[in-house]
Structures are given as structure tokens and as C-alpha cells.
Amino acid sequence: MVKNYALFLSCALLFSCAITPKHENRAYYFQGKNEWGNMSSGFRYPIELEERIKEYLGVPYLWGGNDKNGIDCSAFVKQVYEIYGVNLPRTSILQSRFDGMDIPRHALLPGDLVFFGGNDTDSAVDSVTHVGIYMGKNKFANSTSSQGVKYSDLNEPFFFSKYLFARRLKL
């Protein structure tokens, strides 16, 4: 009897993992390596995205800053996405609510926004304090208070402990 129950439970777990979740809009999900071009006719990763980010590497952090003399994390993300005609809100909290889809960490693709913050509230969105642009291989571009705009690693202890969620924008 115990063996039958264990077998049943094992099969149920295996089948539940194999069930494809239903998503309202599959335009966010990509199957192949060349599908970034399908996301938007004007969106091309990595060339345009990386080139735009390179323009900001080394720009010092300035809270409320909005240009290459000094910029904060949300202004950096906003300005990077302007090249795609995306008008993101000015703050990281509002960017976390922008039209898009939450993406699990294991499914991140370059261009996804990654959000960080405290976890002292019931709603992760309400605790967002930092945003960056995921670039692949656990790296993301962001404006840090200590080193300005740079690439960071999601596994750095600070970012690992403050990671909240990611969103794929609808372009």
C-alpha cells in the first residue's frame, strides 16, 4: 500500500511538471535563439542593447540624476529602452508595474528587467528599490551607488539577497 502511494505521488509530481501553463499572451515566451527579432521589429539583442548600455558604462551614480553627468538606476533603464520607443516610467517601482510578464529567474533572457529591494512588505512590487537590465549569463547592467553604471552578477551576495523578481516588457 505504501509503495502504491509513493508511486502515485511520484507520477503526479512528474506529470504536474510536464503540464504547460496557460499564459494570456505567449508573445513574451520564446523558443529559439533567433526569436528576439520576433519580439518587436525594432528590437535586436545583443547589438543595439549592448551598444546603448556601453554609452553609459562608467557614468557616476546620482540619485535623481537623468543624464551622462550622473544617473540613477531607473533613469538608466528608462534611457536605454528609449531607443526602442518604450516610454518607461521614471521610478523602479513604476517600472516594475509596466506592461509585461513576470519571468522566473531560471527563464531570464537578455533585455528582461530585474528588480531588487527589501522584503519587509507583503507585496514585492511595493518593496522595489533597484532595477537593472539582464544581459545573460547571470550578468545585468545597472547603476550602482558605489561604482555608477556597470555590469553586476546576480549571484553577488548583495544582489542575490535582494533579488525580488523579473519582468519581460511588452514592446
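Can you report the number of residues in the range 155-164 which are within 20 Å of ASP72 (Cβ to Cβ) and touching a residue at least 12 places away in the same chain (Cβ under 8 Å)? Don't jump to the end; show me each part of the working.
First, the residues of the range 155-164 that are within 20 Å of ASP72 (Cβ to Cβ): 156, 158-159, 162-164.
Cutting the leftovers down to touching a residue at least 12 places away in the same chain (Cβ under 8 Å) gives us 159, 162-164.
Final tally of qualifying residues: 4.
So which of LEU109, LEU169 ends up being touching a residue at least 60 places away in the same chain (Cβ under 8 Å), surrounded by 19 or more Cβ atoms within 10 Å (Cβ to Cβ) and not charged (D, E, K, R)? Please lay out each step first, then the result.
Values: LEU109 fails: surrounded by 19 or more Cβ atoms within 10 Å (Cβ to Cβ).
After applying the criteria, what remains is LEU169.
Out of the range 61-118, which residues are outside any loop (DSSP other than H, G, I, E, B), modelled with pLDDT of 95 or more and more than 14 Å from GLY132 (Cα to Cα)?
GLY70, the sole residue that qualifies.
If we scan the range 81-95, do we find a residue that is in contact with a Phe, Trp or Tyr (Cβ under 7 Å, 6 or more places away or on another chain), farther than 16 Å from LEU57 by Cβ and of a type in the set (Ser, Thr, Tyr)?
Taking the range 81-95 first, the residues in contact with a Phe, Trp or Tyr (Cβ under 7 Å, 6 or more places away or on another chain) are 84, 88-89, 92.
Retained after the next criterion (residues that are farther than 16 Å from LEU57 by Cβ): 84, 88-89, 92.
Those still in the list that are of a type in the set (Ser, Thr, Tyr) too: 84, 92.
Yes, the range 81-95 has at least one match.
When the range 57-78 is examined, which residues are found to be within 19 Å of ALA166 (Cα to Cα) and without any contact (Cβ under 8 Å) to a residue 24 or more places away in the chain?
Matches in the range 57-78: LYS78 only.
From PHE140, PHE159, which residue is surrounded by 15 or more Cβ atoms within 10 Å (Cβ to Cβ), part of a helix (DSSP H, G or I) and not hydroxyl-bearing (Ser, Thr, Tyr)?
Numbers: PHE140 fails: part of a helix (DSSP H, G or I).
Checking each option against the conditions leaves just PHE159.
For the range 128-145, what are the residues that are within 13 Å of the chain's Cα centre (by Cα), within 16 Å of ILE93 (Cβ to Cβ) and among the polar types (S, T, N, Q)?
ASN142
Kindly indicate the residue of the range 34-53 that is within 18 Å of the chain's Cα centre (by Cα) and either among the basic types (Lys, Arg) or part of a loop (DSSP other than H, G, I, E, B) (or both) and also modelled with the lowest pLDDT among those meeting that condition.
SER40
Of all residues in the range 67-78, which are in contact with a helix residue (DSSP H, G or I) (Cβ under 8 Å, 6 or more places away or on another chain) and of a type in the set (S, T, N, Q)?
SER74
Can you pull out the residues in the range 148-171 that are farther than 24 Å from LEU62 by Cβ and over 12 Å from the mean Cα position of the chain (by Cα)?
ASN155, PRO157, PHE160, SER161, LYS170, LEU171, listed by residue number.
The values are calculated or read from the model by the stated rules, or taken from the named source; none is laboratory data. The structure displayed is predicted, hence computed values, not measured ones. FYI the Cβ positions are ideal-geometry reconstructions off the backbone, even for glycines, and counts take in every protein chain you see.
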